[in-house]
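Computed from the coordinates by the stated procedures, all read-outs in this text should not be read as laboratory data. Since the model is a prediction, treat every value here as computed from it, not as a measurement. Positions of Cβ are generated from backbone atoms using ideal geometry, with glycine treated the same way; all protein chains shown enter the neighbour counts.
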Amino acid sequence: MDHKITPLGTEIKIGNDFNLKNTFDCGQCFRWNENSDGSFSGIVQGKYTKIYRKDNTIILENTTSEDFNRLWKDYFDLDNDYNRIRSELATICPALQCAIDSIDGIRILRQDPWETLCSFIISQNNNIPRIKGIISRFCEHFGKPNQNVFSFPSPDTVAVLNVDDLAPLRAGFRARYIIDAAQKIASGTVELHKMYDAPISECRKELMTITGVGAKVAECTLLYGLHRLDAFPIDVWMQKAMSTLFKEVDIASLGPHAGIAQQYMFHYSRLHPEMVR
């Protein structure tokens, strides 16, 4: 992906395959927030940035070429041809084509797998403002500060805590799940780094050995944290969408990009709740 450094930061030439709002608001991440001017502010690997679009250019403020190549290029999955993937998925059935044609530019972010796992544990039976609040407090209490922002706490940091230590988060029943996840990862009982390439069925099984991690959280971790694009998270809302808007979609037919299709189906159904009964 072509980019150049300007006084504003890193400018990335891009077409219609990266829509900031659709990417950040489609349910895959919780540390990006929209500003009043339409830009988004986010924290990735303890680094804060502000990103906005100007015509066919995405601008990452105060970002060096080194930052772009080390972090952002991979994080935004800029080497993947999403327009080609969208075109291929749209041929599967009319319902999927309708969702893809009406929503542009969703990209699957390459997030940290531990942060993703923990975030989706927190997301259970929760709404987005509360999820973001719990994650923010989690980082402020146990993350490392860096220029007025905080990194996501590491598994080693969290593994030595107890439920009472997490009381300021107001995470409720999720606190013991967070600690169990941290302990299993810190001890090597669950090995996230091996899940990039291991058979996905084995990864699902291993993730669900963590207390409180069911099929949905495991699938979200695989898709959003380990970039397993063949993962397909299903919650109650997706079950309804699959039985109404997308009855003709066979998950097995979606192939290696099932997770990208899922994002379009999920986001489309959220935008049209009156059609999901």
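Tally Lys/Arg at +1 and Asp/Glu at -1 over every other residue whose Cβ is under 10 Å from the Cβ of LYS50; what's the total? That sum, taken over residues with Cβ under 10 Å, equals -2. When each of LEU117, LEU60 is scored by the number of other beta-carbon atoms lying within 10 Å, the sequence from fewest to most is LEU60, LEU117. Pairs of Cα atoms nearer than 8 Å and 6+ residues apart set the relative contact order; for the chain it is 19 percent.
Neighbour counting of Cβ atoms within 10 Å sorts the residues LYS247, LYS144, LYS50, fewest neighbours leading, into LYS247, LYS144, LYS50. Using Cβ point charges alone (K and R +1, D and E -1), the dipole size of the chain about the Cα centre works out to roughly 600 debye. With the simple model of a label 7 Å out from the Cα in the direction of the Cβ, THR209 to VAL160 spans 2.5 nm.
Within 15 Å, Cβ to Cβ, of LEU192, how many net charges do the neighbouring residues add up to if Lys/Arg are +1 and Asp/Glu are -1? List each step's numbers first, then the result.
On the way: positive: ARG110, LYS184, LYS194, ARG204, LYS205, ARG228; negative: ASP112, GLU115, ASP156, ASP180, GLU191, ASP197, GLU202, GLU206, GLU219.
Once positives and negatives cancel, what remains is -3.
The Cα center of the stretch 24-76 and the Cα center of the stretch 183-251 differ in position by 25 Å.
Inter-part distance, the stretch 90-132 to the stretch 255-277, computed on C-alpha centroids, equals 9 Å. Over the chain, DSSP H runs of length four or greater, each weighted -39,500 (n - 2.57), average out per residue to a 222 nm ellipticity of -10500 deg cm²/dmol. Spin-label pair THR57-ASP250: with each label point 7 Å from Cα along the Cα-Cβ axis, the two points sit 4.7 nm from one another.
Expressed in nm to one decimal, what extension gain is obtained for the pair ARG277 and ASN16 from 0.36 nm per residue of sequence separation less their Cα-Cα distance? Numbers along the way, then the final one.
Numbers: separation 261, 0.36 × 261 = 93.96 nm, distance 3.13 nm.
Gain on stretching ARG277 to ASN16: 90.8 nm.
Listed from fewest to most Cβ neighbours within 10 Å, the set ILE128, ILE185 follows the order ILE128, ILE185.
Full-extension gain between ASN127 and ASN148, please, as 0.36 nm times their residue separation minus the C-alpha to C-alpha distance. Walk me through the numbers before you get to the answer.
On the way: separation 21, 0.36 × 21 = 7.56 nm, distance 2.58 nm.
Separation in residues times 0.36 nm, less the Cα-Cα distance, equals 5.0 nm.
Ignoring aspartates and glutamates fewer than eight residues from LYS184 along the same chain, the ones with Cα atoms less than 12 angstrom from its Cα are ASP156, GLU206. Could you please report the charge total around ILE85, scoring K, R as +1 and D, E as -1 over all other residues with beta-carbon less than 12 angstrom from its beta-carbon? Charge balance near ILE85 sits at -1. With both labels modelled 7 Å from their Cα along Cα-to-Cβ, the GLN97 to LEU8 distance reads 3.7 nm. Note on GLU66 and LYS194: with the Förster distance fixed at 25 Å, the Cβ-Cβ geometry gives a FRET efficiency of about 0.30. Calculated FRET efficiency, HIS141 to GLU34, Cβ-Cβ distance, R0 = 25 Å: about 0.50 to the nearest 0.05. Projecting the Cα positions of GLN124, LEU192, ALA258 onto the charge dipole of the chain (unit charges on Cβ atoms of Lys, Arg, Asp and Glu, taken about the Cα centre) puts GLN124 furthest along the positive direction.
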